[in-house]
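Remarks on the structure that follows.
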Amino acid sequence: MTNRERAMNILHYKPVDRFPAVHFGYWSELLEEWADQGKIPRELAVDKCDGNEAERELDRLIGWDFNWYRTTSAKNGLFPQFEYKVLEVLPDGTQRVQNREGLIERIKPGIASIPSEDDYLLKDRESFEKLYKPKMQYLPQRVDLEYYKHFNETRPRDVPVGLHLGSVLGDIRNMVSVVGMSYLIYDEDEELFADIIDTYAEMQFQCAKAVLETGARFDFAHYWEDICFKNGPLLSPDLFRDVCAKHYKKRNDLCHQYGIDIISLDCDGVTEQLLPIWFENGVNTMFPIEVGVWGDQFEPARLKYGPRMLGVGGMDKTAFRKDKAAVDEEIERMKRLASLGGFIPCPDHRLMPGSKFELVQYYAEKIKELR
């Protein structure tokens, strides 16, 4: 069987010869560590290498079958993006920058983490209408029609490939920060928050529609959100249902029309309160499944929603920083989850600095033994 056949069979409750060894990429700092340790050639320590030749060579060295995160999309974000600007350099070397989404961030030298949010441009209806709304319109040049017309001839045959549907709310959170989104929700202009979401969502729907109309075929569709934290969602589930649910349904109904029945969503944090909204509106696959901090969220969801709730992820990647016993413990847990069906084990996020090369190799080898 090909790895594409294995993955699609598992998610459709069909038999397979074995489980694929699936991952979700690496922090660039980890690849530098491995290169420094002589574990991998320096030329393979490439940042943001999802699906490229460097990553495929890494997969061969380690023993992975493939990176699950193999997606493609139209230009379904702000278009054109804002100019990246360094606004100020502070005495300690920290830079205040305006990023490509118009968010003002503080970037500290030598810190490999998410920058701190300092300010934002999207604060009221005037800034929305003037600065953002023009960048949220559908334009034909967002879609490379020639590429997608020939997509079925050029796409990989042996691994699943997905259509990235964008983000109903996560991108907007990135534009305005958590604080800014909170102010927008309670702004005196009660319709502004919904107007922003509606405008952005319609553009992303049109992008997906244009891609699918070319005849390009996909194994799954995928959203990125990241709108939850350790205590739950960043906005009330009732408001989320009121302003966001219809956009998932519209996009997912479109996917169903083109034969895409695996629709996954990436949201960090505790997602329990939003899962029913996503599930009711066509999302049926959790990927990744964050477990290292928040605990196992897949098994309770499966018990609640039944076999139509699918999963890719759930392996606590922090075990790779520990020892073989910790990895064995995770493999046993993956066996239990895999026995539920409709579930593909995968480290819960990109492998982080401190992960031990030999333990990652060991895990990839043992996962292939699952039947």
### Query
Got the relative contact order for the chain handy, in percent, Cα pairs under 8 Å and 6 or more residues apart?
20
### Query
Can you work out the base-10 log of I(q)/I(0) for the range 177-328 at q = 0.09, 0.15, 0.18 1/Å, using the Debye formula on its C-alpha atoms alone?
-0.34, -0.88, -1.15
### Task
Would you give the gap between the C-alpha center of the range 1-80 and the C-alpha center of the range 259-302, rounded to a whole Å?
21
### Query
Where does the range 9-101 land on Rg/Rh, using Cα atoms and the Kirkwood Rh?
1.13
### Message
Accessible area per residue for the chain in Å², computed with a 1.4 Å probe and the full protein assembly in place, what is it?
### Response
45
#### Entry: Degrees between helix 237-257 axis and first principal axis of the chain (Cα, 0 to 90, nearest 10)
60
### Message
Under 14 Å between alpha carbons, and skipping anything fewer than 8 positions from LYS249 in its own chain: which aspartates and glutamates qualify?
### Response
ASP198, GLU202, ASP261, GLU280
### Task
For the range 1-142, with all protein chains present and a 1.4 Å probe, just round the carbon and sulfur fraction of the accessible area to a whole percent.
50
### Query
Which of the aspartates and glutamates could a cross-linker bridge to LYS39, judged by Cα under 12 Å and excluding same-chain residues fewer than eight apart?
GLU358
### Query
Which ³J(HN,Hα) values, rounded to whole Hz and listed in residue order, are derived for the range 53-67 from phi using the Karplus coefficients 6.51, -1.76 and 1.60 in 6.51 cos²θ - 1.76 cosθ + 1.60 with θ = phi - 60°, glycine and proline given as x?
5, 4, 5, 4, 5, 4, 4, 5, 5, 7, x, 5, 7, 5, 8
### Task
For the chain, take the alpha-carbon Rg, divide it by the Kirkwood Rh, and send me Rg/Rh.
0.96
### Cα pair distances of the range 6-57 binned at 10 Å [whole percent]
23, 37, 21, 18, 1
### Message
So if the hydrodynamic radius of the range 223-278 is defined as the Kirkwood radius over C-alpha pairs, what does Stokes-Einstein give as its diffusion coefficient at 10 °C and 1.306 mPa s, in µm² per second?
### Response
133
### Summary
Ordered by number, the chymotrypsin sites (Phe, Trp or Tyr not before Pro) in the range 57-88 that occupy a DSSP loop and have at most 16 other Cβ atoms within 10 Å are TYR84
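Select from the range 149-197 those chymotrypsin sites (Phe, Trp or Tyr not before Pro) which occupy a DSSP coil region and have at most 13 other Cβ atoms within 10 Å, ordered by residue number.
TYR186
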### Task
With everything on Cα atoms, drop me the angle between helix 357-367 and the longest principal axis of the chain, reported from 0 to 90° to the nearest 10.
70
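The values are calculated or read from the model by the stated rules, or taken from the named source; none is laboratory data. These numbers come from a predicted model, not from an experiment. So basically every Cβ, Gly included, is an ideal-geometry build from the backbone, and we count neighbours across all protein chains shown. We work out accessible area using only protein heavy atoms, side chains counted, and drop any ligands, DNA or RNA first. Shrake-Rupley method; radii C 1.70, N 1.55, O 1.52, S 1.80 Å.
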